[in-house]
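Below: the structure, in structure tokens.
Rule-based calculations on the coordinates, nothing more; no lab input. Bear in mind that the values here come from a model prediction, so they are computed numbers and not experimental data. Cβ: placed from backbone, ideal geometry, glycine included. Neighbour counts: every protein chain shown.
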Amino acid sequence: MFQKSSPLSPLSVEEQHVAGHDDVETVVGPSVHVEGDFASEGNILVKGTVSGNVQTTKRLTVEPSAKILANVRAGDAIISGQIKGNIRVANRLELTQSAQVLGDIMCQVFVVEAGALVHGKVSMKGMDMEEDKTEKTRLTKRPKVREENEPTEMQVNPI
């Protein structure tokens, strides 16, 4: 009646991982190098290299060994590999510990695991605070540094 189940093979674990992404429509395999922009209305899983802009309205998943060398736009994204380009995500962006991003990031929800590397500006939608212009000016304005031999108002040079 009951049978002992065999342990999961690595392939079946991967299939479970992919199935958790609401039916991945496009897969760029680990040995594949795509040159040029591509867009999809479905989920994208990148395991190889893409040299071109990537756009989807759904979820983009970038595996640890994957690279994207251009800008990225997605509804949601989980990044574990390398991206050299700007990232714009409508909802949730997750950077895992192996993620490396060289570019600016814009998203609504930003999740970063310890170990992820980012070199760029991060902007998050939904900020209702107005920037205080006088405070910004005060913080960015540097005081003038007087040279050692430069006369001050108190000093009088002889004629």
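Summarising the label geometry, the points placed 7 Å from Cα in the beta-carbon direction at Lys121 and Lys84 lie 2.2 nm from one another.
Here Leu93, Leu69 are placed in order of increasing Cβ neighbour count within 10 Å, fewest first, which gives Leu69, Leu93. What is the calculated FRET efficiency for Val27 to Gln108, with r their C-beta to C-beta distance and R₀ = 22 Å, to the nearest 0.05? Once the sixth-power term is evaluated, E becomes 0.25.
Once backbone amide H atoms are built at 1.01 Å from N, Gln108 has Asn91, Leu93, Lys125 as its partners under 5 Å, excluding neighbours fewer than 5 places away on the same chain. Close amide H contacts of Val50 (hydrogens built in the peptide plane, cut-off under 5 Å, sequence separation of 5 or more or a different chain): Val34, Lys67, Ile68, Leu69. Exposure proxy shown here: for Leu95, Leu60, Leu45, the number of other Cβ atoms within 10 Å sets the order, fewest to most, as Leu45, Leu95, Leu60.
The HN-Hα couplings worked out from phi for the stretch 36-49 by the Karplus form 6.51 cos²θ - 1.76 cosθ + 1.60 (θ = phi - 60°) are x, 6, 8, 10, 8, 8, x, 6, 10, 10, 10, 10, x, 10 Hz, whole numbers, x standing for Gly and Pro.
Dipole check for the stretch 21-126: with +1 at the C-beta of Lys and Arg, -1 at the C-beta of Asp and Glu, and the Cα centre as origin, the magnitude is about 320 Debye. Mean sequence separation of contacting Cα pairs (under 8 Å, at least six apart), scaled by the length of the stretch 21-126, corresponds to a relative contact order of 16 percent. Straightening the chain between Asp37 and Ala70 buys 11.0 nm, computed as 0.36 nm per residue apart minus the Cα-Cα spacing. Applied to the stretch 104-115, the Karplus parametrisation 6.51 cos²θ - 1.76 cosθ + 1.60 on θ = phi - 60° returns per-residue 3J(HN,Hα) values of 7, 10, 9, 7, 9, 10, 10, 10, 10, 7, 4, x Hz, with x for Gly and Pro.
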